[in-house]
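Novice: Got a structure here, written out as structure tokens. Questions coming.
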Amino acid sequence: MEHVDAVVVGSGFGGAVAAYRLAEAGLSVVVLERGRPYPPGSFPRSPAQMGRAFWDPSEGLHGMYDVWSFGSCDSIVSSGLGGGSLIYANVLLRKDEEAFVTESPLPGGGYENWPVGRADLDPHYDEVERMLGATTYPIDRPAYRDTLKTRVIQDAAAELGLDFSLPPLAVAFAPKPGAEPGLGLPIIEPEYGSLHPTGRRTCRLCGECNIGCNEGAKNSLDHNYLAAARHLGADIRTLHEVKTITPRTGGGYDIGYLQHDPLTGPHSISCDALVLAAGTYGTVKLLLSNRHALPGMSHMLGTRFSGNGDLIAFLLRSKDRPVAASKGPVITSVVRLPGSAYIQEGGFPAFVDWIAEAADVGDEFKRAVRFALERVRGLVTRDHNLSAEFARLMGRGELSDRSLPMLAMGRDVPDGILRLSGDRLVLDWTAETSDAYFDRVRGTIRRIGDVLGADYSDAPLKRVVTVHPLGGAPMGRHVGEGVIDADGQVFGHEGLYVADGAAMPGPVGANPALTIAAMADRLATRLADRMTTTKKARLMGIRTVTGLSFTEEMRGSLDGSDPVSFRITITADDVDRFLAEPEHTARAEGWIDAAVCGGRRPIERGWFNLFAPGEAPDRREMRYLLHFRDGEGRPRTLAGTKHVEHGPPTRLWLDTSTLHTRLLEGHVQEDDPAKPLGSGTMHISPSDLARMLTTFKTTGPNGLAALARFGTFFLGELWDVYGPGR
């Protein structure tokens, strides 16, 4: 059987990013994508092409659009090389920091529990934005200045006092970064080249982003991450659909798949690490279908489904001014509401203008009757000039020229459940629990419509239609809360990862593409580090080491009044070495939140010492040294010590839960002289300690034995200090 280091299932925002990062690390990577590639110029446009553009292999259809209809909602996702990036609207928004919530469980509680935060993802957001060429719509440049729909939403938002902005878009408006934007200009390919032989051109404002960009102006994943992954050696295989997952004796997985068009198989491949990124529906269905082969899977599998608050509405026949919805990218602007809700103006291809006018049956009938009557008059008066009559027959195009789709998304309640009925995926969910959210965004869209003198309508849809299905394999802090951990690994199944929208424990709020990609970048970077370390050790004949990590949260104050907190993951890459070293040093990663430093800030480098020798034989110290930058970019260090010293056992909890901290100027080491900026104490609560105990995990062989050695060391050190007769 063919064997590789890693198999990635799917090529969307999770799979493409993971494939690139793993290939970049020098690992052998195979990407299995069920759909076909779509070079610029190949996306369907004619009725005949559109009739074959849907995904249903049982009917011989291997097209791009995969349409799901459940009892409570409809959903459209993509099948093709590049996944959802082929049909999304290019918006790259970060999840609001305050939306990384930790709330009480459903039913009857709040929303969701996020084991990662904004500071964990910000470096990965930066990297994804760079790769995808994130840029705001250049409405100030001559070629793009006359985009009416952007202007009318900007004006309406200003009149209503709403928060308007131009979001980052994954669209090429200029031939290369820094060049002057222009319509239809040849795009200069990056050094890693292209997956396709067809050249690309900059955006020409055709409004066809959501049905596939035939210009290649959209920076879909086949033009960047996947091209770069192939350049680095990744083997990308299209029309390969994964069906089975089986753990291998000794580690890793066997994957069974079918090859479509022509249909051959079944086939199989094995790997050390398996990354599932087949989209929310695809990944959850794979896990549910193979649950019998993956014992111990969390009972949370299938839960926490949400549609990311997706809502589609229409503002019809604006009386005040035209909006020209068919000119521009699908989305150019965003109105942000409190509570992580967003409203964005939509667009559509120019040919939809004709469809819209033809569908306006009432107005079309009246115009036809008027044309017939005027022809009778013309015959009587011998007026043979038909120009005016034809102009009136065509109409003023008010429905198409003065109407605008409006798209909303935000934090709906993630209480849906995906399950199997036979071999069919079904969804138990209702939007009624999110009525308050939907009423709020509908009300704001109506207000925008009132400013434009437009009628509001959510017909003919009426029901929820989501292009952002999320959840089903949610991350959590422990197996009772989620299917995967904060690094994307399935609890109880080492080497099995989820890297797509299924991993979200709740709605992203903003367009989720960027957050899914950033999560995948974080996952794959950490996975690549572990795999390359293990691989090098094996090649050199060195015994593979076992690592251990856990996550700790503490809160307190500086100078008695300024709140400070942190959440750090402490990792010992080699447990044996960690236990043997006198200082017992591990690395610390995560974030610090201090108002005096500009709020939550990511830790750039951090160190932790467990039971390092103190000033006396019966004294130990737990030391923390965390380097970060404040809100103005100035280097800062948070240094802390827990003093574990001889005394009655009643002091054990106080000593091990109290951290004496100092905030220092600069990035300093333990004994370096530094200017103090504040001092205080931080504490871990009993509930946080209980959660911390659920976060212990190991990597590498003999994890249980390593965990036992760590526990023996920890308890032994405490006995040495606090035990009777000490």
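The values are calculated or read from the model by the stated rules, or taken from the named source; none is laboratory data. On a predicted model such as this, the values are computed, not experimentally measured, just so you know. Counting neighbours? That spans all protein chains shown, and the Cβs are built from the backbone with ideal geometry, glycine included. Please note that ligands, DNA and RNA were not included when accessible areas were found on the heavy atoms of the full protein model with its side chains. Shrake-Rupley method; radii C 1.70, N 1.55, O 1.52, S 1.80 Å.
Novice: So which residues in the stretch 658-673 are in a loop (DSSP other than H, G, I, E, B) and within 17 Å of Gly606 (Cα to Cα)?
Specialist: If the condition is that a residue be in a loop (DSSP other than H, G, I, E, B) and within 17 Å of Gly606 (Cα to Cα), then Gly666, His667, Val668, Gln669, Glu670, Asp671, Asp672 are the ones that fit.
Novice: Would you call Val479 assigned to a loop (DSSP other than H, G, I, E, B) and surrounded by fewer than 19 Cβ atoms within 10 Å (Cβ to Cβ)?
Specialist: So Val479 fits the description; yes.
Novice: Next question, about the same structure. Pairs, please: C-beta under 6 Å, at least 6 apart or cross-chain, first residue within 22 Å of Phe714 (Cα to Cα) and in the stretch 623-644, second acidic (Asp, Glu) and in a strand (DSSP E or B)?
Specialist: Thr641/Glu621
Novice: Let me ask you something else. Looking at the stretch 290-312, which of the residues that are of a type in the set (Gly, Ala, Ser) and in contact with a Ser or Thr (Cβ under 8 Å, 6 or more places away or on another chain) is farthest from Gly10 (Cα to Cα)?
Specialist: Gly309
Novice: Oh, and also: Only one residue in Ala179, Ala174 is under 26 Å from Leu148 (Cβ atoms), without any contact (Cβ under 8 Å) to a residue 12 or more places away in the chain and either open to solvent by less than 50 Å² (accessible area, probe 1.4 Å) or touching a Pro at 6+ places or on another chain (Cβ under 6 Å) (or both). Which one?
Specialist: Ala179
Novice: Considering only the stretch 286-322, how many residues are of a type outside the set (A, V, I, L, M), within 28 Å of the chain's Cα centre (by Cα) and not in a helix (DSSP H, G or I)?
Specialist: Qualifying residue count, the stretch 286-322: 15.
Novice: Among the residues of the stretch 561-581, is any farther than 25 Å from Asp688 by Cβ, of a type in the set (A, V, I, L, M) and open to solvent by 70 Å² or more (accessible area, probe 1.4 Å)?
Specialist: yes
Novice: Related question: When Cys73 is evaluated against the numbered criteria (1) open to solvent by 20 Å² or more (accessible area, probe 1.4 Å); (2) over 26 Å from Leu221 (Cα atoms), which criterion, by number, is the only one it fails?
Specialist: (1)
Novice: Scan the stretch 450-476 for residues that are part of a loop (DSSP other than H, G, I, E, B), closer than 22 Å to Thr515 by Cα and open to solvent by less than 20 Å² (accessible area, probe 1.4 Å) and jot them down.
Specialist: Pro469, Gly471, Gly472, Ala473, Pro474, Gly476
Novice: Return the pair list, or none, for Cβ contacts closer than 6 Å from residues in the stretch 295-307 that are touching a residue at least 24 places away in the same chain (Cβ under 8 Å) to residues that are surrounded by fewer than 21 Cβ atoms within 10 Å (Cβ to Cβ) and charged (D, E, K, R), at least 6 apart or on different chains.
Specialist: Sorted first by the residue in the stretch 295-307, then by its partner, the pairs are Met297/Arg291; Gly302/Arg419.
Novice: Hey, Leu654 hits all of (1) part of a strand (DSSP E or B); (2) open to solvent by 70 Å² or more (accessible area, probe 1.4 Å); (3) closer than 22 Å to Leu693 by Cα but one; which does it fall short on?
Specialist: Only one criterion in (1) part of a strand (DSSP E or B); (2) open to solvent by 70 Å² or more (accessible area, probe 1.4 Å); (3) closer than 22 Å to Leu693 by Cα is unmet by Leu654, namely (1).
Novice: Next question, about the same structure. Tell me the residue from Leu663, Leu707 that is at pLDDT 85 or above, of a type outside the set (Gly, Ala, Ser) and either touching a Gly at 6+ places or on another chain (Cβ under 6 Å) or open to solvent by less than 50 Å² (accessible area, probe 1.4 Å) (or both), please.
Specialist: Leu663
Novice: In the stretch 666-704, what count of residues is obtained for those that are closer than 30 Å to Glu481 by Cα and open to solvent by less than 20 Å² (accessible area, probe 1.4 Å)?
Specialist: Adding up the residues that qualify gives 4.
Novice: Let me ask something else about it. Kindly indicate which of Thr198, Thr246 is open to solvent by 40 Å² or more (accessible area, probe 1.4 Å), polar (S, T, N, Q) and in contact (Cβ under 8 Å) with a residue 60 or more places away in the chain.
Specialist: Thr198
Novice: I want to confirm something. Restricting to the stretch 249-276 and keeping residues that are outside any strand (DSSP E or B) and small (Gly, Ala, Ser), which single residue is surrounded by the fewest Cβ atoms within 10 Å (Cβ to Cβ)?
Specialist: Gly250
Novice: Let me ask another. What do you reckon, is Ala616 surrounded by fewer than 17 Cβ atoms within 10 Å (Cβ to Cβ), over 25 Å from Gly711 (Cβ atoms) and modelled with pLDDT under 85?
Specialist: Here the answer is yes, as Ala616 does meet what is asked.
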